[in-house]
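Here the structure is laid out as structure tokens; the discussion comes afterwards.
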Amino acid sequence: MSTTNPTATRHRRTGGDLVVESLAALGARTVFGLPGQHALGVFDALRRSTLRYVGLRVENNAGFAADAYARATHGVAPLLVSTGPGALMTLAALQEAAAGSAAVLAIGSQVPLAGIGGGRHGYLHELSDQSASFRGVVKSVHTARTASQIPSAVAAAWESALSAPHGPVWLEIPQDVLLAEAGIPPVGELGAVPRELLPRPELIVAAADQLAKARRPVILAGGGVVRAGAEAELLALAEQLRAPVATTFGGKGAFPWEHPLSLQSWMEDRHTTAFLEDADTLLVVGSGLGELSSNYHTFRPRGQVVQIEADLGKLESNHAALGIHADARAALAALVKEVGEVGERGPRDTGAAGGAGGAGEAGGPAPEAAVSGLLARVRERIAGQQLDLEQQVLASVRDALPDGAVSCWDMTILAYWAWSAFDPRRTNALHSAQGAGGLGYGFPAALGVAVADPARPVLAVSGDGGAMYSIAELATARQYDLPVTWLIVDDGGYGILREYMTDAFGEATATELTRPDFVALAESFGVPAVRTSPEQLRTDLAAALAAPGPSVVVLPARLRMFAPTHLSS
């Protein structure tokens, strides 16, 4: 006869169980995070769930990993953290997720219910209004103050994160609610249907008419195209119109790099800016024409702008336009159909050949010729600046990286080159922190991508300054044996700030850094590492990417940026 007391071993379900049951019911398979005292109810429940937990060493890095996971999967990435300091440490990552439209569902704990409301009871981690810290950063803020509220609150947060435009959301639950016994049955089915953002038909008709009659139509594709998965629709419309296409830094991969109509991504270039300005109709899709996408606000369109944007706050925020508040994929699909119908009613006047940048008069070059002419002018400008080392290093990285691999870039000079000059060779294959611009994104983001698809190698690129923000995550890479190769370009400081300060003030201050031996440091984590040179980089990087598990490649090099063109505009 068994002497085990069945009631003694039966688990008492808690609010924490409701959280993980709700996430699983909504389709989550992986969660990121870092435990803390008030959140232990959720973390205890994880061991009884089917969810895979990936724990990082710093909450901000966990947020970056979740951000990249969400971008890579086009889905929701749950992020579990604790109260007060743990919660606040995610803010920089959530700002990047907001700027990059990454659907991160951040779930934080709270002090016990009695301490909420500013009563100053002196609980550990207590804030007078924790959620207020998130309201200016995330899409929406949610709370659950009883166990029965948890499933609906999780579903509402999930739906908000995944509705266009995707973005981060914040949900907080008090410690005692997470630990209290759940008086409701386990969560079965749970519905969260993202709100569709369809274009208004009359706006599509007006935009299609404008594009179909344009002599010099040009398209600028932003990150909204990539987030919406609208690459096929963009290609169809561009070829239908024979319209040249430039992609913003966030939109890299939205359009084939070597296509005859591809203007590529030279947004910080006056030749490109002029080309866009000269369009008689410029279609801007999934971009707010912000600082970087407008060559630091020097862009001055002379023709009609048509803007498709899912974020209502960005619609016509910088330039007057025929504004269409819609998901990029839905709007582009509707335009392809409507432009085709306009063409059936009567051919477009192409007496002045399509294409911009001086192609506006009758007898001007065809769009494809205008594109190749623009790219030739860009190459000539760069060639005159003695930047052979920088181009060699970037080419070596491109040659070493397999075509199907994803790269994640920190805020460093080589990344700034990549924004303009790197061909990702497939869609959704290059992620960077250029939305919010915070340091430390590259390596933890690469870990998130590797979690999403562990069969492919992932490249992370950082400078030595940015690398120090996330060096602890070498332990995470080793713990989960993630196939991430980390290229650290070691120039002894904050290289881009050094350039900015020297150009502006004649010399740099606070930019020089003492740093560790990165090779020895990586090896102390059990991660293979090698110090390379510009001449050996392609070989060493390719070998590291081909090897299983994590690795580090250190390149001592002092790179320079190409000269800006916006300062003289």
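Of all residue pairs spaced 6 or more apart or on separate chains, those with beta-carbon atoms under 7 Å, a first member in segment 519-544 that is outside any loop (DSSP other than H, G, I, E, B) and a second member that is of a type in the set (Lys, Arg) are Val519/Arg531. Could you list, in sequence order, the residues of segment 177-222 that are part of a helix (DSSP H, G or I) and out of contact with any strand residue (DSSP E or B) (no Cβ under 9 Å at 6 or more places or on another chain)? Matches in segment 177-222: Pro201, Glu202, Val205, Ala208, Asp209, Ala212.
With the structure loaded, tell me whether Phe255 is at pLDDT 95 or above and in contact with a helix residue (DSSP H, G or I) (Cβ under 7 Å, 6 or more places away or on another chain) or whether it fails that test. Answer is yes for this residue.
Among the residues of segment 77-94, those identified as open to solvent by 10 Å² or more (accessible area, probe 1.4 Å) and under 10 Å from Gly63 (Cα atoms) are Met89, Leu91, Ala92.
Return only the number of the condition from (1) touching a helix residue (DSSP H, G or I) at 6+ places or on another chain (Cβ under 7 Å); (2) surrounded by 19 or more Cβ atoms within 10 Å (Cβ to Cβ); (3) modelled with pLDDT of 95 or more that Pro534 does not satisfy. Among (1) touching a helix residue (DSSP H, G or I) at 6+ places or on another chain (Cβ under 7 Å); (2) surrounded by 19 or more Cβ atoms within 10 Å (Cβ to Cβ); (3) modelled with pLDDT of 95 or more, Pro534 violates only (2).
For the structure I just gave you, tell me whether Gly188 is surrounded by fewer than 17 Cβ atoms within 10 Å (Cβ to Cβ) and more than 22 Å from Ala70 (Cβ to Cβ). Here the answer is yes, as Gly188 does meet what is asked. Contact map, segment 248-260: residues that are farther than 17 Å from Leu283 by Cα paired with residues that are of a type in the set (Val, Ile, Thr), Cβ distance under 6 Å, separation 6+ or inter-chain. Pairs shown: Gly253/Thr427.
Within segment 418-440, residues that are closer than 16 Å to Gly250 by Cβ and open to solvent by 30 Å² or more (accessible area, probe 1.4 Å) have Cβ atoms under 8 Å from residues that are outside any loop (DSSP other than H, G, I, E, B) and aromatic (Phe, Trp, Tyr) in these pairs: Gln434/Trp419, counting only partners at least 6 apart in sequence or on another chain.
The set of residues in segment 471-514 being within 19 Å of Ile413 (Cα to Cα), open to solvent by less than 30 Å² (accessible area, probe 1.4 Å) and in a helix (DSSP H, G or I) consists of Gly495, Ile496, Arg498. One residue stands out in segment 537-550 among those that are open to solvent by less than 10 Å² (accessible area, probe 1.4 Å) and of a type outside the set (A, V, I, L, M): the one that is nearest to the chain's Cα centre (by Cα), namely Pro550.
If I filter segment 261-275 for residues that are under 23 Å from the mean Cα position of the chain (by Cα) and among the aliphatic types (A, V, I, L, M), do I get at least one hit? Yes, that holds for at least one residue. Which of the residues spanning segment 86-133 are among the charged types (D, E, K, R) and under 25 Å from Ala433 (Cβ atoms)? Of everything in segment 86-133, just one residue is among the charged types (D, E, K, R) and under 25 Å from Ala433 (Cβ atoms), namely Glu96.
Across segment 105-161, the qualifying residues are those that are farther than 17 Å from Pro85 by Cα, without any contact (Cβ under 8 Å) to a residue 24 or more places away in the chain and of a type in the set (S, T, N, Q), and the one among them that is least open to solvent (accessible area, probe 1.4 Å) is Ser160.
Residues of segment 158-178 that are farther than 13 Å from Ala310 by Cβ, of a type in the set (A, V, I, L, M) and under 18 Å from the mean Cα position of the chain (by Cα): Ala161, Val169.
The values are calculated or read from the model by the stated rules, or taken from the named source; none is laboratory data. The structure presented is a predicted model; accordingly, all values stated were derived computationally and were not measured. Here Cβ is always computed from backbone atoms with ideal geometry, including for glycine, and neighbour counts include all displayed protein chains. Accessible surface areas use protein heavy atoms only, side chains included; no ligands, DNA or RNA. Shrake-Rupley method; radii C 1.70, N 1.55, O 1.52, S 1.80 Å.
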